[in-house]
Every structure is written in structure tokens, then in C-alpha cells.
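*Asks:* This is the structure, below, for whatever I ask next.
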Amino acid sequence: METNLTPLLPAAEVTLTALTVLLLDLFLREEEKGFLAWISVTGLALAAGMAFFLWGSQEGAFRNTLLLDDFALFFTEIFLGTALLTILSSIHYLRETNIRSGEYYALILFSTTGMILMAAANDLILFFLGLETMSVGVYILTGMWRERVEASEAAMKYFLIGAFATGFLLYGIALIFGATGSTNLTRISFFLSLSFHQWPLLVIAGVYLVFIGLAFKIGAFPFHFWVPDVYEGAPTPITGFMSVAVKAAAFAGWARIFVHQFSVVEHEWGVPLHALAILTMTVGNLLAIAQSSVKRMLAYSSIAHAGYLLIGVVAGKEPGGSALLFYLLAYAPMTLGAFAVLLALKDGEKDNESYDDFAGVGLKRPFLGMAMSIFMLSLAGFPPLSGFTGKFYLFRSAIVSGYTDLAIIGALNSLLSVIYYLRVIVKMYMEQGGVEAQPFAKAPCLYVAIVIAVLGTVGLGLLPARALSLSGVSYLSLR
Amino acid sequence: MDQPIQTDYLRWIVLLPLLGAATNGLLGAQLQKRFGKGLISTIAIAPVLGSFLLSVRALFDLVALQPEQRFLIDRLYTWITTGSLNVDVAFWIDPLSAVMILVVTGIGGLIHIYSIGYMHDDNSYWRFFTFLNLFTFAMLLLVTGDNLLLVFVGWEGVGLCSYALIGFWYQDHVNTTAGNKAFIVNRVGDFGFILGIFLIFWTLDHQGHGTVSFREIQKFASLLKNQEIWGGGVATLATLFLFVGATGKSAQIPLYVWLPDAMQGPTPVSALIHAATMVTAGVYMIARLHFLYSMAPLTLEVVAVIGVATALFAATIALTQNDIKRVLAYSTISQLGYMFLGAGVAAYGAAIFHLMTHAFFKACLFLGSGSVIHAMGGEQDMGKMGGLRSAMPYTFWTFAISVLAIAGTPLTGGFFSKDEILWQAFSSAHGSPLLWSLGVVGAGLTAFYMFRQLFLVFFGNSRADHHTQEHLHESPKVMTVPLVILAIGSIAAGWIGLPEVFGGSQFAEWLEPVFGKPHEMAASEGPELLLMICSVAVAAVGFFIAYLMYYRGALAPERFSSLAGGALYRLFYNKYYVDEIYQAIFVRGTLLLARTGAWIDQHIIDFIVDGSAKTTAYISWFNGLFDNYVIDGIVNALANITFWAGGKFRKVQTGNINSYLYVILGAVVLAIIVRLRYSS
């Protein structure tokens, strides 16, 4: 039988790049390792271009376990972009620490491959494989700075929790398979719609277990306890990578599996998810207020954002799905940008990540101050930045689908979040005595990453129309 | 409604100041170093003047049209498209926004010029003008945006600039705290605002006309009638939500607390943002959506009551304050209360009229106080001033004229506009004699505290120290000329809105295409004149008491302050302790919640681990006791291992994950069992 391999193209390209990096790493001398970053960037850019040209295709491979639709391509672009920005902002970080760059870049690329597979998977087993590919890479990346105790602790924690969560997921998949006789999502959803309201208990239990596995991955309340510790312990560029790409990959699962394929059983998972969304954003925002480290604050803020994103999942259908996709896109540049600015404060072995370290940055480095202000305001949902348009669509989708309470609580939460985002700006402009940030000359790539993030944040705020129509098209391409 | 006339210069009214802000923001530091401050102020002021000239052109273009066709629109691009919702970035000008842009660019321009002198010695000159320009941009966006969402962008933008300018002298911690307070209190209001937008959009969307554009909302406003949600009419709820936004931005009860603290900013900022323009945004918003408010009598009642209550409440506080700018701040809150009173009795035209005259005399008062502070070397306590009349003639005369205007002296701007509001509060279908009489009492208080200020600052003997007295000087021309223009405006602006008795208001006629014909007054001219005389008489009493107390010294202020054992005075002086109450309930409350949550978050795992370790220990101890003689060796070993493992794991902190996972697993299994039980 002829096998159509086109759907594999982007993932294969990234894997190939990873292998090249690993191989070259053996032959390059220590001072030439910087070259690896450029190979990775080129590979990612190539894959992104490939995804761009494949846009609009509607193909399947391996008996439709792997789909190449606009939905998968949309997420692929998010993953590739995030990986690219992560690598750009890592170059300086790797020089200051002694993390081995060959493995580091290769692992980022491998986990990106996993994410691409997750977004394209139309089969629970393939989804699981993608998830594991991604996770294993990220576990190692978390603990890569071996001299730091916190990093090892975080990696261990992340690994244990991750394995545990996967346990739920896999058991859920097994139950669903037992009841429906398939792991293919299309067939499962067909089965579900046939036996309308007469579902065997096994299926429902399976759906719940998958639900919990995915809730762990996005750090939703009450499965969020690992997030702050792991995010704080991981190397900062990886924290950014996790809070954007890993989260987006998990949300790709939420969108394809729950919003789309399991929509028939929505009244089963809709209500608990509704509660989870409210709790997640409220808890995330409340706890973020009490933090004294900006990195930890960003960790809680990413929990809160998972809560906002869940609004889109709850709202469901086209309005919810496309709002979710758009928010993930809008969320990427502002979060990565914030982490990049955090990286610019790093000085030698020392991570300067507390609020006090930010004091006076806005005056000493006007560009960094302005960029960070934009990211903070955007995260707080300030118009006309991407965080505002994103939230606007999300809340609108909630209202259109009849979940007014979610919109109100969401708006209240974004009000609450101002308290801690504003604190960063206050520190940067209105106090003095913080650390010296790196100048452009010492970390040019980091600055490039920040510029890209600023452009993304402002651009998606001022001209969101095209991106929104793309996210609508992507969601509607789901079969 | 006819198709509006498409133009392509309106965008420049809004964008020119942004251009100035961008230039100074990006290059200001270098330019200032290389070419001096003159260039910075030129870059900042030229765009505002340009906007002003374009605004005048827009005014003439409007005048040339038939009254009912008076609106211009400039569409840039489509901002948001999704399903049923299309939002354009478009600016429109109708008679109402024409008034607003003229106020913003005209008075704003004068304040820009004044700042050249006031900020002259400040090193962050460029930063100041950047934010001032950025503010002007946001404010113009607010008043010309053709839809609610665009207005919201401006609404948030002015808040941000206000925050940055209040904390402009960030070296002093008090200033940054004041900025934060303003920002966060405003966000509370903004929450109401965005909910209002959502509610309007949602209801219209359900009827197939989802829109946020003003003209379309007006077109479909009738669809909101008889729609109910959460036990109330949609129009009522939406307008109430929007009004919450207005109380934040326009400093009304209960969200007024930020404005007095905002006086920490440089004085031109207080004049521009916290007196003439930004704080009137709420009034503008209500006037803009008047068709919705008129559909919701309950909301109107709330607006009127809050307005008059704020007017009185703030006036009583102003009676006792000693800081020259704080008196003006409370007076602003009080005057804004009058505007809301006007809007609340559906006299939108009167509210906008007072907004305009107030912009003149309050800007003049603030700039005058700035001139005084400048001369006094930064002193703001009126107890240390006095006798400045001879040293600062320009400042004195302009200040005095504005005091006359705000006190409602006949034939000044404030007289005509305040009286229009009071008359409407009495005679309109939504008004009542009670609202009127409360308003008149407030007018009396206003006259008292304003003349008290005038006498304390400019008359009598100087109470300043010797050093300050020697350095007293009139401010430079660049500061006094704007004062003079504003003072002339304080008088002249009133004459375009004469009361019915004296021939009718051109201003009301101008706004007629927006608000419709003012309802025919049942009452004849007789009562209007009578009420007018009443309010003037009350104001005169206020003036006379202030005169006796602070000019002649014939009446000791203590005779009033010791009334009721001084309790009343203390209450006013301490601003009814509202700040303290808010601090205790909201600020402490939120922080407590956050800290408790964070503590639980960090310790819950440890707690569970400790708990399970202890339980294990107890069990093993119990076991050990029980089986001591049977298999004590094994038990001891077991217990030891448990202890050892527990200790080890706690150190690495990975151990606690175990217990956490067990708890989660247990909870999940339980939840599934419960769920399955209930379904079957």
C-alpha cells in the first residue's frame, strides 16, 4: 500500500535538524559550538516555511492516525516560532552557564517534534507518543544545569508528576479502547454519537482519565502544585519554552480531542471544566500577587492564563475553538518576551529574578524597560496589545456560547492581575538600585528575540484581523 | 440616518500628538542633550497646535452642513472581524465630539505651553512632554472613537498616562503609591465599563445586530427595550455598568479616592488630566450614550443621586483642607458631581456645557496654583502663604476671576453653566426640588471654600518665612499668558450658553442634533429667574462668611470647627476616613487572601508529607508495641526505614510528591466512583 508521507514532513525536518546538531556536536570544538544554534534556527525556519507552503492541505497518513490539516499546521507554526525564539534567547544563557549546548538544542528540537505530532495526531496512541517525546525532552532540559540543586529537584519533580499524569492518560486511553475498540479519534467520536446517551461506563471513566491527564499538563487547579517549583527550578529559557510551547501542545490536545471529537459527551466534562477554569485563573492570579520573584510570578501567571484558555475550551465549537487558538498565538510572544527580558538581567552565574533586581531597569536600559512594560501590560489585558484582543475574543466566545459568568470572572481576574504586573513596571521606572542588564553588544540574539516578541505583541493587538481569520480557518479544518 | 461624510484629515487630529510622543519618546533623551529643551517642547507643542487647527477646521466643516447632517467620519481600517462583529478603527466628529476635541486640543495646548515654564528646571523634560503628548493622543482617541471598543482603548490609555504622570517624580515614594492607587482604582471602574460593552454587544448580537459602533447602537437601541437579564432591564444594567466605569474615571463616589492623591503629579498634569480633560471622560461617555441612559430611568436616578451626593460630600471635605492643590482636587470632584447631576436629570447638554466652562476655570485655577507653588519654592500649605497679591499680579487677577467663575458669580462662565444644571435639576422630568436644593447648598459651600482659598493665599499678611518672601516673583510670560487666556475663557465661555430668560443658548442649539430638542419647559420664565436669584444668594452667603472669617478676621474659624465638639470638623478634615476604610477592607483583604493562598500552596505538600510520615510513625510505633515480642527485629527495621526514607525524602523535597500524588490519585478515583454512582 502506498503510504502518503507528506503529513510527516515538518516533524521529519525538525528531527533531521536535531540529528544533525547531535552529530555535529561531536566534531565541533568548544568555541565553535555557537554554530549549532544557527543550524537549529535554520532547521526551524525551514520547517516553518514548509508548514507555510503546506497550508490548506487536508491529508492523512498511516490510516489517518496522522492528519495534515490547517489546525495541525497552525500549531506547528506556534511550536516552531516558540522554539526559534527560545533558541535565540538561550545563546547568551548557555554561554554564562555551562550547559552543554549540543544536547540542549537537540532536545529542544526533539520535544518540538513531539509537539508537532501531538497537534497532528488523530489517534490517541500517536498523541500519547508525541506527548512522551515532548515530555522526555523537557524533563531533561529542566535539569540540564546540573550544578544547580534546584534544577535537579525540579527535573525530578517534573518527571515524577509527568509520569503520573501520563499514567492517567494512558489508562484513560486503555479504557476508551476497551469500550469502543479503537484509539482513532474519528472512530471514537463516531461511536460516541451512535450510542447517544447510552455510553458504557468505561468510556466515561476513560474520558475523565484523559481529562485529568491533560489537566496536569496545562497545570490547571488542583493539578498545578508542580508548576511554580518546576518553572522556578528550570533554566529560564526552558521555563519560557514550557509555559508557551508545552502548554500550547497540551491545548492542541484539548482542542482536538475535547472541543472537537468529544463534543458529544460535552455535558460530562463541560461542568467540571467550567469549575476548573474559574478556580485555575482565580488561584493563579491570587497567588501571583504574593510572589517576590518575577520568575515565580510568571509561573503563577501562566497558571492563570491556563485558566483563561480553558474558557475557550468550555465555550467550545467555532467561537471557543478559534478564540482559544488565537489566544495561544497572542500569548506566545508576550510570555516569551517577558522571559527574554528576565534573561537579559542574568549576570554570570547569577540569575537576577526578583522584583528588586528589576529596580531602575527602565531608566538604565530604556529599550528593555519599554519592552517589559509592553509585555506586562499585554499580559494584564491592556488595549491595544495582543493580550487585550486575545482576552476580548475569549470572553466574547464565552458570552456568545452563553457562559456569561466565565466572561465576568475572567474580566475580574484580569483586573486582579494588574496588581502584580504593574509592580514590575513600578520597579523598573520608579525605583532604583537593581542590577545592570546586559547591553545589546553582549547579547545581540536576545535583543533580536525581544524585538520579535514586541512586534508580535503590538502587531497582534493592532492588526489582529488576519491572525483571527487564520485561527478560525484552522479550527474549522478539524474533521 | 444619512451616510456620514468621509474625510481623511480627522485621523491627523488624533495621530499628530502620537507622532510627537513617539519622536520625543524614542529620541528625546539624545535631542535634549544635544539641542536643549527648546527643541523638545517644540516637538511636543507643534502637533497639539496642529491638532487644534484641524479641530477648528472640523468645526467649520460641521457648521457648513445642515444641522441634522453634522457628522464627519474617517475610517482607517478594520480592526476586529469575527462572525457577527466588525470593529473599525474609525474617528468621527459630531457636534458633541467637536466640543470635546476643541477643549482637549485648545486648553491642552495652553497647558503644554505653560509647562515650558513650569518644568523648565526638570531634567526629565523630554519624558514629561512624551507622556503629555501620549495623553493628548489617548484622550482624543477617547472622544473621537466611533465605537465603544476604540473608546475603551483611549479610556485605558488616558489612565495609563495619568498613572505615569502622577508618579512622574518617582524619587518620592508617596508619588508612586499615588500613581498605583489611581491605576488600580481606575481598573475597578474599567471592569464595569467592559462589562457594559459586553452586555450591549451580547444583547444586540442575540437579535442579529451585534455591534459596538455608536451610530449602530443608536439605530438598534430600541431592540434593548424590554430585554431582561438577571432580573433587570438590559438597558438599565448596561448603563449602570458603564456608570461604574464613569465613577472610576471621573472620580465619583465610591471610586473618587484616587483623585486627591493624584495631586502628587506636576501641576500642569493636575490641570490637564485631573481637572480639564480626563476626569470628564465619564460625563462625555454618558452624553455619548444618552439614548441608552434615557431608556433607563433607574440609572438616571442613580447618576443624579451619586452626582449630587459627590458634589456635596467633596465640598464639605474641601472646606477644611489646607493644601492649595487638595482644595482644588476636592473642588474638581464636587464640580464633576454637578456634571453628573446634569446628566442624571437627562440634561446632557447642560452637563457638557458645564464640562466646558469648568475646563477653563479649573485649568486656570490649577495653573494659577502652580504659579503660586512655583513662586513659593514648592510650598503647598496655604497656612504658610498670604499676601501674594502684590507680588504676583497676573496670577492673582486670573485666579480671582476663576474663583468668581467657579463660585457662580453672575455673568461668569460658571454661573451660566451651573445655573443651567440647577434649573434642569429642578424642572426636568427627572429632576426634583430636593436635587435642586442640595445642589444649591453645594454651590454655597463652593463659594465659601474658594473664597477662603483666595483670601488665604493672596490677601492678608504673608505667613511665609523670610527666605521665601525674598524670592517671591511673578512667573514668566510663558506661564502667565496661558493664565490670562484661560481667565478670559472662564468669563467668555459662558456667554455662548445663555439661559432661556436671557435669550436662549446657542450651545444647546449646537448640540441639538446630538441630544435632540430639549424638552419643552412647562414652567414659564418666572421660576427660572427666581431659582437663579436663590442660588446666587446662597453663594453670596458663602462668600460673605469666607470674607468675614479670612479677610476681615471678624469671625473666628474655630467657632465653626468646634461645632459638635469638633467631631464634624475632624470628619471633614480626615475625609470621612474613607481611605482608611478602603485600605482595611480591600487592600489588606486581597493581600491577606493572596498570602494565605501562597502559604497553603507552598506548605500543603509539606503538610501532607509530615502528616503521612507521622501517621506512619504512629502506626509503626503501635505495631512495634503490639508485636514487640513477636517480630520486633523486623518491625524496628521497618520503622527505621520509614523514618530514614521520610527524612531523606523531605530533605530532597521530592518525597512530598509521593504523598501529593497519592492524595490526587485517591481524590480522582473517589470522584469517578461518585460520578458513576450518580449517573446510574
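*Asks:* What number of residues in segment B:47-71 are among the hydrophobic types (A, V, I, L, M, F, W, C) and under 26 Å from B:Ile111 (Cα atoms)?
*Replies:* The total comes to 9.
*Asks:* Filter segment B:209-226 for residues that are touching a helix residue (DSSP H, G or I) at 6+ places or on another chain (Cβ under 9 Å) and either within 14 Å of another protein chain (Cβ to nearest Cβ) or not polar (S, T, N, Q) (or both) and give the result.
*Replies:* Across segment B:209-226, the qualifying residues are B:His209, B:Gly210, B:Thr211, B:Val212, B:Phe214, B:Glu216, B:Ile217, B:Phe220, B:Ala221, B:Leu223, B:Leu224, B:Lys225.
*Asks:* Hey, another quick one. Give the residue that is surrounded by the fewest Cβ atoms within 10 Å (Cβ to Cβ), with candidates limited to residues of segment A:28-61 that are in contact with a strand residue (DSSP E or B) (Cβ under 8 Å, 6 or more places away or on another chain) and either assigned to a loop (DSSP other than H, G, I, E, B) or among the β-branched types (Val, Ile, Thr) (or both).
*Replies:* A:Gln58
*Asks:* Out of curiosity, is B:Val481 among the aliphatic types (A, V, I, L, M), surrounded by fewer than 17 Cβ atoms within 10 Å (Cβ to Cβ) and either in contact (Cβ under 8 Å) with a residue 12 or more places away in the chain or in contact with a Gly (Cβ under 9 Å, 6 or more places away or on another chain) (or both)?
*Replies:* yes
*Asks:* In the list A:Val454, A:Val458, A:Val448, A:Val473, which residue meets the criterion of being hydrophobic (A, V, I, L, M, F, W, C), surrounded by 20 or more Cβ atoms within 10 Å (Cβ to Cβ) and assigned to a helix (DSSP H, G or I)?
*Replies:* Exactly one of A:Val454, A:Val458, A:Val448, A:Val473 is hydrophobic (A, V, I, L, M, F, W, C), surrounded by 20 or more Cβ atoms within 10 Å (Cβ to Cβ) and assigned to a helix (DSSP H, G or I), namely A:Val454.
*Asks:* Looking at B:Tyr348, B:Tyr330 in this structure, which one is more than 17 Å from the chain's Cα centre (by Cα), in the same structural domain as B:Val244 (by TED's automatic domain parsing) and crowded, with 24+ Cβ neighbours inside 10 Å?
*Replies:* B:Tyr348
*Asks:* Looking only at segment A:182-227, count every residue that is of a type outside the set (A, V, I, L, M, F, W, C) and over 27 Å from the mean Cα position of the chain (by Cα) and tell me the total.
*Replies:* Of the residues in segment A:182-227, 7 are of a type outside the set (A, V, I, L, M, F, W, C) and over 27 Å from the mean Cα position of the chain (by Cα).
*Asks:* Pairs please, first residue from segment A:286-315 and free of Cβ contacts under 8 Å to residues at least 60 places away in the same chain and within 14 Å of chain B (Cβ to nearest Cβ), second anywhere and in a helix (DSSP H, G or I) and buried (at least 24 other Cβ atoms within 10 Å of the Cβ), Cβ atoms under 7 Å, 6+ apart in sequence or on different chains.
*Replies:* Matching pairs, first to second residue: A:Leu287/A:Tyr300.
*Asks:* Which ones in segment A:345-370 are hydrophobic (A, V, I, L, M, F, W, C) and either surrounded by fewer than 23 Cβ atoms within 10 Å (Cβ to Cβ) or closer than 18 Å to A:Leu309 by Cα (or both)?
*Replies:* Answer for segment A:345-370, where residues must be hydrophobic (A, V, I, L, M, F, W, C) and either surrounded by fewer than 23 Cβ atoms within 10 Å (Cβ to Cβ) or closer than 18 Å to A:Leu309 by Cα (or both): A:Ala359, A:Leu363, A:Phe367, A:Met370.
*Asks:* Ok, one more. Residues that are within 14 Å of chain B (Cβ to nearest Cβ) and farther than 21 Å from A:Leu468 by Cα: list the helices (runs of 4 or more DSSP H) wholly contained in segment A:321-407 that include at least 1 such residues.
*Replies:* A:361-364, A:366-379
*Asks:* Report whether or not B:Ile73 is part of a strand (DSSP E or B) and either within 14 Å of chain A (Cβ to nearest Cβ) or crowded, with 19+ Cβ neighbours inside 10 Å (or both).
*Replies:* In short, yes.
*Asks:* Same structure again: Is it the case that segment A:129-138 has a residue that's in contact with a strand residue (DSSP E or B) (Cβ under 6 Å, 6 or more places away or on another chain), over 14 Å from A:Pro235 (Cα atoms), at pLDDT 85 or above and in a helix (DSSP H, G or I)?
*Replies:* yes
*Asks:* Same structure again: For segment A:209-277, give me every one of the helices (runs of 4 or more DSSP H) that falls completely inside it and has 3 or more residues that are at pLDDT 90 or above and either closer than 27 Å to A:Glu77 by Cα or acidic (Asp, Glu) (or both).
*Replies:* A:236-241, A:247-253
*Asks:* Also: Please go through segment A:361-405 and give me each residue that is β-branched (Val, Ile, Thr) and farther than 21 Å from A:Leu462 by Cα, ordered by number.
*Replies:* A:Val361, A:Ile399, A:Val400, A:Thr404
*Asks:* Between A:Leu460, A:Leu470, A:Leu476, A:Leu416, which is within 11 Å of chain B (Cβ to nearest Cβ), of a type in the set (A, V, I, L, M) and touching a helix residue (DSSP H, G or I) at 6+ places or on another chain (Cβ under 8 Å)?
*Replies:* Residue meeting the stated conditions: A:Leu416.
*Asks:* Next question, about the same structure. Sort out which residues of segment B:221-248 are assigned to a helix (DSSP H, G or I) and modelled with pLDDT under 85, and write them in order of number.
*Replies:* Across segment B:221-248, the qualifying residues are B:Ala221, B:Ser222, B:Leu223, B:Leu224, B:Val234.
*Asks:* Any idea which of B:Ile273, B:Ile253 is in contact (Cβ under 8 Å) with a residue 12 or more places away in the chain, buried (at least 24 other Cβ atoms within 10 Å of the Cβ) and either in a loop (DSSP other than H, G, I, E, B) or not aromatic (Phe, Trp, Tyr) (or both)?
*Replies:* Exactly one residue qualifies, and that residue is B:Ile273.
*Asks:* So is B:Ile80 buried (at least 24 other Cβ atoms within 10 Å of the Cβ) and either in contact with a Leu (Cβ under 7 Å, 6 or more places away or on another chain) or within 12 Å of chain A (Cβ to nearest Cβ) (or both) or not?
*Replies:* no
*Asks:* Show the residue pairs that are 6+ apart or on different chains and have beta-carbon atoms under 8 Å apart, the first residue being within segment A:178-205 and more than 14 Å from chain B (Cβ to nearest Cβ), the second being crowded, with 19+ Cβ neighbours inside 10 Å and charged (D, E, K, R).
*Replies:* A:Thr183/A:Asp123; A:Asn184/A:Asp123; A:Leu185/A:Asp123; A:Leu185/A:Arg256
*Asks:* For segment A:179-201, enumerate the residues that are outside any loop (DSSP other than H, G, I, E, B) and within 14 Å of A:Glu266 (Cβ to Cβ).
*Replies:* Scanning segment A:179-201 gives A:Ser189, A:Leu192, A:Ser193.
*Asks:* Turning to a different aspect of this structure: Testing B:Ile229 on (1) over 19 Å from A:Val426 (Cβ atoms); (2) in contact with a helix residue (DSSP H, G or I) (Cβ under 6 Å, 6 or more places away or on another chain); (3) surrounded by fewer than 24 Cβ atoms within 10 Å (Cβ to Cβ); (4) within 9 Å of chain A (Cβ to nearest Cβ), one condition comes back false. Which one is that?
*Replies:* (2)
*Asks:* Could you please find all residues in segment B:43-68 being modelled with pLDDT under 90 and hydroxyl-bearing (Ser, Thr, Tyr)?
*Replies:* Within segment B:43-68, no residue meets the criteria.
*Asks:* Could you tell me which residue of segment A:220-259 is farthest from A:Gly316 (Cα to Cα), considering only residues that are away from every other protein chain (no Cβ under 14 Å) and touching a Gly at 6+ places or on another chain (Cβ under 7 Å)?
*Replies:* Selected residue: A:Ala255.
*Asks:* Okay, next question. Which helices (runs of 4 or more DSSP H) does segment B:399-473 wholly contain that include 1 or more residues that are touching a Leu at 6+ places or on another chain (Cβ under 9 Å)?
*Replies:* So the answer is B:413-427, B:433-458.
*Asks:* Which residue is farthest from B:Ala90 (Cα to Cα), if the candidates are limited to segment B:210-220 and must be assigned to a loop (DSSP other than H, G, I, E, B) and at pLDDT 80 or above?
*Replies:* If we take residues in segment B:210-220 being assigned to a loop (DSSP other than H, G, I, E, B) and at pLDDT 80 or above, then B:Thr211 is farthest from B:Ala90 (Cα to Cα).
The values are calculated or read from the model by the stated rules, or taken from the named source; none is laboratory data. A quick note: this is a predicted structure, and the numbers were derived from the prediction, not measured. Please note: Cβ atoms are built from the backbone with ideal geometry, for glycine as well, and neighbour counts cover all protein chains shown.
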